[in-house]
Amino acid sequence: MIDLDKGSFRDPSGFVFYKDGQIYRQVNESYKDNYELLMSSGLYDELIKEGLLIPHTEVDSKSSCSNECYKLIKPEMVNFISYPYEWCFSQIKDAALATVRIQKLALARGMSLKDSSAYNIQFVNGKPTMIDTLSFEKYEEGKPWVAYGQFCRHFYAPLVLMAYKDIRLNQLLRCYIDGIPLDLASSMLPGSTKFNFSIMANIHLHAKTQANYSDKAVDVKKYTMSKMQLSALIDSLESAVNKLKLDKVNTEWGDYYNATNYSDDAFNHKKQLVESFLQTAGSRYIWDLGANTGVFSRLASDKGIETIAFDIDPIAVEKNYLHCKQNQEKSILPILMDLTNPSPSLGWSNEERMSFKGRKLPDTVLALALIHHLAISNNLPFSKIAKFFSEICSSLIIEFVPKGDSQVNKLLATREDIFDQYHQEGFEKEFSKYYTIQQREKIQGSDRTLYLLKRK
Amino acid sequence: MDKLFDILNYSAISYLDPGTGSLIIQLAIATFVAGGAFIKIKWSAIKKYFSKNK
């Protein structure tokens, strides 16, 4: 049974489909010359060597689902697909730099990127990697970079907005699937950015030029640029992105582990319990929900278990990613996610980009020091929380934080305690509807309890 | 109508619409930065030329 990828339809060069749980990409006849050039020019090998392109093998095309098929390729499977509105600042920055690097290598081999969509990049083994093998075309002397506008909308505008206005503004990418409109970015940026050449040129003037020419008939063919000019443009974009830095911002969670009430003993005991529960559960692919900077996620990822570390706080995700990068960690992917409003399915027919629950689900979820935020800060009844977890995982390692714990007291300090049902018996009763309690251990030096639950 | 097709000429080649404004501004930026890069490369020669003429 062939299942077409819902997000792969814009480019007539080919498309992605799934068969028997495997991913394939059809290369259409119309893309034949470009595909052969990619493979024969040495560009493919170079990109694979640098880890910038997803590797593929050519397979028998008889099982292809269309008669326009020139070749059928089988790219390496990416388990967890993530989107730019789920990335922290440095992830977007590294994805942008990877795109620029790919374009530079392509130009050196007589090819050029025909699009620069952020959705073509995925984090594979910790590194931003191009997944669209059909994004390359033969470079034609004199032709400007067709993907320049898209690069500014998908990468540069979000980064500049995050660096100069507010770190949360990458969320605009959720609203604008083809990148942040430059007139919007321009109108939101502080006036001082007009004194920065790169931002002035690539955002402010770019937006004005777009507006000026939006209804004018112009023969664009007469606008040509030499390869030297194009290379200088790419270099300048690389330098502009490289210069962008995030101001140090203190957010709610960025300093959590230093500000928490744990004693060293409790912290170490919790670590031991999590490790032991992970082993008992036999986890191979986990989601750590409320992972903060990934201290507990690493108990899994350091053992080679593929781990997606979600957190609501952009600074925590940033710190987690920078840690991964510095230590060249391959098994952990930090992701920005608000669990009370997780990524929906987006795009054409609500199918182009997958929802949070639409991704490949894990076998185990870690939910440490999370329950009180869901139940108390967000007024979620245990029944709804238990149902949510039962829909995404068969094994659940969850920490119950009772009233009286300083973190819960903090949440209740500024509001009326309307949470009569928030107690350990109520928690066990609701979760027992979906799960069997496999293990239950008190965390030494605290009032908290750690559970290993198995779905019924 | 012909003019409309002129605008979309690059789009006919590429599936992505590069946008007229984006094409024009990138040409302006590319010309500027390429000029800057050229001067940077030749800077020592330019300095030498002017110091000789002093």
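The values are calculated or read from the model by the stated rules, or taken from the named source; none is laboratory data. Please read these numbers as outputs of a predicted model, since none were measured by experiment. For neighbour counting, all protein chains shown are included, and Cβ atoms are generated from backbone atoms with ideal geometry for every residue, glycine included. Heads up: the accessible areas ignore ligands, DNA and RNA and are worked out on the full protein's heavy atoms, side chains in. Shrake-Rupley method; radii C 1.70, N 1.55, O 1.52, S 1.80 Å.
With a cut-off of 14 Å between beta carbons, the residues surrounding A:M200 carry a summed charge of +3, where Lys and Arg count +1 and Asp and Glu -1. All C-alpha pair distances within the range A:405-456, sorted into 5 Å bins from zero, spread as 4, 16, 21, 22, 17, 13, 5, 1 percent across the bins.
Considering only alpha-carbon pairs that sit under 8 angstrom and 6 or more positions apart, the relative contact order computed for the range A:105-164 is 40 percent.
The mean count of C-beta atoms from other chains within 10 Å of the C-beta of residues in A:203-214, rounded to a whole number, is 4.
What is the diffusion coefficient of the range A:203-359 in µm²/s, taking the Kirkwood radius over Cα pairs and the Stokes-Einstein relation at 10 °C with a viscosity of 1.306 mPa s? Spell out each step's value before the answer.
Details: Rh = 19.8 Å.
Approximately 80 µm²/s, per Stokes-Einstein.
Between the amide H of A:W87 and those of A:L336, distances stay under 5 Å, these residues lying 5 or more places away or on another chain, with hydrogens modeled in the peptide plane. Taking the range A:379-456 as the region of interest, the number of lysine pairs whose Cα atoms are within less than 13 Å, with members eight or more places apart or on different chains, is 7. If the Kirkwood radius is taken over C-alpha pairs of chain A, then at 10 °C and 1.306 mPa s the Stokes-Einstein diffusion coefficient equals 66 µm²/s.
Taking the empirical scaling 2.2 N^0.38 Å for compact globular proteins as reference, the range A:84-243 has a Cα radius of gyration ratio of 1.02.
Note that the range A:119-126 has calculated 3J(HN,Hα) couplings of 6, 7, 9, 10, 8, 10, 6, x Hz, one per residue in order, obtained from phi through the Karplus relation 6.51 cos²θ - 1.76 cosθ + 1.60 (θ = phi - 60°); glycine and proline are x. Once Rg and the Kirkwood radius are both taken over the C-alpha atoms of the range A:2-75, their ratio Rg/Rh works out to 0.96. Across the range A:144-149, rounded Karplus estimates of 3J(HN,Hα) from the backbone phi angles (6.51 cos²θ - 1.76 cosθ + 1.60, θ = phi - 60°) give x, 7, 5, 9, 4, x Hz, Gly and Pro being marked x. Note that the range A:372-379 has calculated 3J(HN,Hα) couplings of 5, 6, 5, 6, 9, 5, 10, 6 Hz, one per residue in order, obtained from phi through the Karplus relation 6.51 cos²θ - 1.76 cosθ + 1.60 (θ = phi - 60°); glycine and proline are x.
Neighbours of A:E140 by Cβ distance under 12 Å: Lys/Arg scored +1, Asp/Glu scored -1, total +3. Helix-only arithmetic for the protein assembly as shown: the sum of -39500 (n - 2.57) across DSSP H runs with n ≥ 4, divided by the residue total, places the mean residue ellipticity at 222 nm at -11500 deg cm²/dmol. Annotation: amide H-H contacts under 5 Å for A:A309 (H modelled 1.01 Å from N, sequence separation of 5 or more, or interchain): A:D288, A:L333, A:I335. Average 1/r across all pairs of distinct alpha carbons in the range A:256-455, invert it, and you get the Kirkwood radius: 17.4 Å.
Between A:N379 and A:Q424, the contour length at 0.36 nm per residue exceeds the alpha carbon distance by 14.5 nm. Largest accessible area first, the residues A:M225, A:M77, A:M354 order themselves as A:M77, A:M354, A:M225 under a 1.4 Å probe with ligands, DNA and RNA left out.
Based on DSSP, what percent of beta bridges with both residues in the protein assembly as shown are antiparallel, to the nearest 5? Here the share of antiparallel DSSP bridges comes out near 65 percent.
If you sort A:D338, A:D313, A:D20 by accessible surface, 1.4 Å probe, largest first, the order is A:D20, A:D338, A:D313.
Close amide H partners of A:Y435, meaning residues 5 or more places away or on another chain with modelled amide H under 5 Å apart, are A:K456.
Working from label points 7 Å from Cα in the Cα-to-Cβ sense, the A:F267 to A:E141 distance is 6.4 nm.
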